[in-house]
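Student: One structure, pasted below without further comment.
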Amino acid sequence: MRVERFEDILAWQRARDLARRIYNQFGCSKDYGFKDQIQRAAVSVMNNIAEGFERKSNLEFKQFLYISKGSCGEVRSMLYLAKDVLILDEKNFSELLLETEIISKMLSNFIKKL
């Protein structure tokens with residue numbers, strides 16, 4: 001299947017859902033620095049996939065996928081902190097952590113194919 005739009009990329013779709021879930025989970029947090037950082041990192045995952053795709057060059061696309069993967073790692077790291085300081089319960093932590101791991105693996109596979 002040929003991908004014609006970034007919206008067709010499964011990793012982008014999952015990253016979009018992750019960003020929505022992060023916004024919902026931390027939207028009411030009074031720790032504005034933490035909230036801003038995790039939300040920006042989550043949005044960066046999906047936006048770098050989109051921006052790289054629109055560059056129409058596999059070499060540039062790969063670079064943006066690496067950035068997206070890095071942002072995914074940043075979200076994952078911040079989830080650990082959120083759990084450690086008790087602003088995220090174990091269930092939500094586990095679900096969000098798993099999603100970041102899945103997206104990261106998808107990005108790795110996509111990079112290898114390019």
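Student: Considering the stretch 8-50 alone, what residues qualify as being touching a residue at least 40 places away in the same chain (Cβ under 8 Å) and part of a loop (DSSP other than H, G, I, E, B)?
Tutor: Selection gives Ile9, Ser29, Asp31.
Student: Being assigned to a helix (DSSP H, G or I), surrounded by fewer than 18 Cβ atoms within 10 Å (Cβ to Cβ) and touching a residue at least 40 places away in the same chain (Cβ under 8 Å) is the filter here; which residues of the stretch 51-93 pass it?
Tutor: If the condition is that a residue be assigned to a helix (DSSP H, G or I), surrounded by fewer than 18 Cβ atoms within 10 Å (Cβ to Cβ) and touching a residue at least 40 places away in the same chain (Cβ under 8 Å), then Glu54, Asn58, Lys62, Tyr66, Leu81, Asn92 are the ones that fit.
Student: Is it true that some residue in the stretch 12-29 is buried (at least 20 other Cβ atoms within 10 Å of the Cβ) and among the small types (Gly, Ala, Ser)?
Tutor: Among the residues of the stretch 12-29, at least one is buried (at least 20 other Cβ atoms within 10 Å of the Cβ) and among the small types (Gly, Ala, Ser), which makes the answer yes.
Values quoted throughout were computed directly from the atomic coordinates according to the rules given, and no laboratory measurement underlies them. Keep in mind it's a predicted model, so treat the numbers as computed, not measured. Using ideal geometry, Cβ is built from the backbone for each residue, glycine included, and neighbour counts are taken over all protein chains shown.
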